[in-house]
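Data block below; observations after.
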Amino acid sequence: MGKNEREENGFDPENHNQEEEEEEEEKKKQLKEEEHSVERIFENQEVPSWRKQLTLRAFVVSFVLSILFSIIVMKLNLTTGIIPSLNVSAGLLGFFFVKTWTKLLQKSGLLRQPFTRQENTVIQTCVVASSGIAFSGGFGSYLFAMSERIAKQSTDTLNFKKLSLGWIIGFLFIVSFLGLFSVVPLRKIMIIDFKLTYPSGTATAHLINSFHTPQGAKLAKKQVRELGKFFTFSFLWGFFQWFYTAGENCGFASFPSLGLKAFDNEFYFDFSATYVGVGMICPYIINISVLLGGIISWGLMWPLIEDRKGDWYPADLGAGSFSGIQGYKVFIAIAMILGDGLYNFLKVLSRTLLGLFHQLRYKDVSSELPVAGHSSDVSSQLSYDDKRRTQLFLKDQIPIMFAVGVYVAIAAISMATLPHIFHQLKWYYILVIYIFAPTLAFCNAYGCGLTDWSLASTYGKLAIFTIGAWAGAAHGGVLAGLAACGVMMNIVSTASDLMQDFKTGYLTLASPRSMFVSQIIGTAMGCVISPCVFWLFYKAFNDLGQPGSQYPAPYAVVYRNMVLLAVKGFSSLPKNCLLLCYVFFGAAILINLIKDLVGKKWGRFIPLPMAMAIPFYIGSYFAIDMCVGSLILFVWEKINKAKADAFAPAVASGLICGDGIWTLPASILALAGVKPPICMKFLSRGNNAKVDAFLGP
């Protein structure tokens, strides 16, 4: 057939060549997609049903890890208040324990069900939900702020509630489940329709997927070995520090290599494995921000205020009085925290509203995805991974009416029971919180999906100021505001955590129903484990919550004084403290504004006011530890970045977990009255000369 004949029959060689090129491009695109496809690696593996993903061994391991992680979070709560993401550690340790379990059963011929990535996801979800209660339960913030110990450190020493293990557990069971049911109906919108990233949930999913691939399993074994080495080292180092340096009259952190001291604010490195590990996990800018805050407060602010003693506060008042320097420490920290929180709240809220507007206005009707029970095909534009994940994610539905009904039922129970625990918290306060809570929970979950930043504590502070001011000082506004903070924090915190876990489950093909059940079981575990861990600390350390002690619980004093500002105003502040608060509040907003205006390239070098605020109150002793962790990671990345990326999380997890688990026997020894046999203390040359002069030749 000649050229003219082909053209008469509708054959155009140019179009034919173009079609061939398009087909070739499509094939290349598919091949490239297959190379990067995760689900094609697992396509020959059967995905177990949601019931089979919920195994007994998974919850036994989750229970053990929940105790470990609750101890770690509690220790961080009561020391610095900086709590890094422990999702990776939970996934890694969950893999280690169950893999060891299944190997033993396999050798004995008793293994019936292989270990899958879905079961690994269930463990991670359960552990994070349980240990999350150690944060949202307020043991280092609003709940401990209600106690007599913290009340004695403020200007209001009368409004407190005697802590009791019974009512704490009851309170947590009442308020910790509402957040789970408030956002369940929105899971498809958040994960599939809006395609929110949830960076922490996505990173955890990639980790779990890599563990269970043939290549990833080899790397996971090496990571576990590294974790085990540093876990053992950290545990033994904790024992060494207790044995040699925790003796009577040794004092806390008597192992400094840098003994700089000014006005009760020590600046030293105390060889803390926990904070070195935290420094390796936290971004560089957080650690640098903490160090910068320590330098400003220790080297500039406190010497300036101390020089003005007599002009600004009476010289005969000690550092623990809020009419003295302690007032400046606490309220300047509060001002920076509120400024940073307000800016980020408005920023995330505006991004949430703009994102919603964009999603609803420009939503492409052709990209509608199928729902359970419908046989419509998934859009051909989706990749193989997205199609498979979407089909399975929509398979096991959680009925909307069930979620709404349970939310209403728990809300009704809360309004009937919470006023009996806190008679200052009236039922109509609770009703107002529960009316607005689903909207705020959605905002927090959506904002977390965009920024990976949960603003649970900011919403809690909002409840402190609104309910505290509404109740007033004369009608128990202090305790009402703190209790309202707990109700709000638990709702919005668990809501964002659940959506993070749904994202992890979506990427690992774990059933949403198994994830939800795991979250409920983990939350129930946390409502018992976290109070018991806190009670162990509370009974073992008589100076818990005291400034300068091993566990100063800085945020407890901060939260109590926030509610005092809400109900009493600024009358209790020392001279010029309000002016300084305005300056630091404005500085926190300005720093955040500049950080956003200069863009990511330069903004990553600008410090975070929230992290800078912490040393203003509790001192700078942990700043060097965290920066040492950053330095180790930085040098490691320069020497071998691939190895650092692979093993740094395992090393950091080992350091944190080993030192954290040592806290348990240390607390038991303290309760039993066992004191370490040796006291080894390092002193400066000047102090050492004074001791020699006192003891004589």
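With only Lys, Arg, Asp and Glu charged, each at its Cβ (+1 for the first two, -1 for the last two), find how big the charge dipole of region 414-568 is about the Cα centre; round to the nearest 20 debye.
Using only the charged Cβ atoms, the result is roughly 260 debye.
Which value, in Å² and to the nearest 10, is the accessible area of Tyr284 when all protein chains are kept and the probe is 1.4 Å?
80
Provide the per residue accessible area, probe 1.4 Å, for region 388-518, rounded to a whole number of square angstrom.
33
Apply the Karplus parameterisation 6.51 cos²θ - 1.76 cosθ + 1.60, with θ equal to phi minus 60°, to every residue of region 410-422 and state each ³J(HN,Hα) to the nearest whole Hz, in sequence, with x for glycine and proline.
Listing the rounded values in order: 5, 4, 5, 4, 4, 5, 7, 9, 4, x, 7, 7, 10 Hz.
Is the shape of region 578-676 rounded, prolate or oblate, going by the alpha carbon gyration tensor and its root eigenvalues a ≥ b ≥ c, with a/c under 1.5 for rounded and a/b larger than b/c for prolate?
oblate
Report the local net charge at Asp340: Lys and Arg +1, Asp and Glu -1, summed over other residues whose C-beta lies under 14 Å from its C-beta.
Local net charge: +2.
In the neighborhood of Val60, defined by Cβ-to-Cβ distances under 15 Å, what is the net charge if each Lys or Arg adds +1 and each Asp or Glu adds -1?
Around Val60, the surrounding residues sum to +1.
Counting only protein heavy atoms and using a 1.4 Å probe, what share of the accessible area of region 66-198 belongs to carbon plus sulfur, as a whole percent?
Taking all protein chains in place, region 66-198 shows 63 percent carbon and sulfur surface.
Through the Karplus equation 6.51 cos²θ - 1.76 cosθ + 1.60, θ set to phi - 60°, convert the phi angles of region 551-556 into ³J(HN,Hα) values in whole Hz; use x for Gly and Pro.
After applying 6.51 cos²θ - 1.76 cosθ + 1.60, I find 10, x, 6, x, 6, 4 Hz.
Percent of accessible area on region 519-631 owned by carbon and sulfur, 1.4 Å probe?
Here it works out to 70 percent.
By the gyration tensor of its Cα atoms, with a ≥ b ≥ c the square roots of the eigenvalues, what is the shape of region 409-536: rounded for a/c under 1.5, prolate for a/b over b/c, or oblate?
prolate
On the full set of protein chains, 1.4 Å probe, figure out the accessible area of Trp470 and give it in Å² to the nearest 10.
Answer for Trp470: close to 120 Å² accessible.
Between rounded, prolate and oblate, where does region 481-537 land on the alpha carbon gyration tensor, with a ≥ b ≥ c its root eigenvalues, rounded for a/c under 1.5, else prolate if a/b exceeds b/c?
It comes out oblate by the Cα gyration axes.
Using 18 Å as the cut-off for backbone N distance, which residues of region 327-342 belong to the label zone defined by a point 7 Å from the Cα of Phe570 along Cα→Cβ?
Output list for this probe position: 327-340, 342.
Find the centroid of the Cα atoms in region 419-450 and in region 135-150, then give the distance between the two in whole Å.
Each part's Cα centre sits 18 Å from the other's.
Calculate what fraction, in whole %, of the accessible area of region 381-505 sits on carbon and sulfur atoms when a 1.4 Å probe is rolled over the protein chains.
In region 381-505, the share of accessible area belonging to carbon and sulfur is 69 percent.
In Å², and per residue, what accessible area does region 543-590 have when probed at 1.4 Å with the other protein chains present?
38
So, for region 157-249, what is the accessible surface per residue at a probe of 1.4 Å, expressed in square angstrom?
That works out to 45 Å² per residue.
Quick one: length gained pulling Asn640 to Asn44 fully straight, 0.36 nm per residue minus the C-alpha distance?
My answer for the length gained is 211.0 nm.
Please list 3J(HN,Hα) in residue order for region 90-106, calculated via the Karplus relation 6.51 cos²θ - 1.76 cosθ + 1.60 where θ = phi - 60°; whole Hz, with x for glycine and proline.
5, x, 5, 5, x, 4, 4, 5, 6, 5, 5, 4, 5, 5, 4, 5, 5
Which FRET efficiency value, to the nearest 0.05, do you get for Thr232 and Leu165 by plugging their Cβ-Cβ distance into 1/(1 + (r/R0)^6) with R0 = 22 Å?
After rounding to 0.05, the efficiency reads 0.10.
The values are calculated or read from the model by the stated rules, or taken from the named source; none is laboratory data. As the structure is a prediction and not an experimental result, all values here were calculated from the model. Backbone-built Cβ (ideal geometry, glycine too); neighbour counts: all protein chains shown. Surface areas here come from the heavy atoms of the whole protein model, side chains and all, with no ligands, DNA or RNA. Shrake-Rupley method; radii C 1.70, N 1.55, O 1.52, S 1.80 Å.
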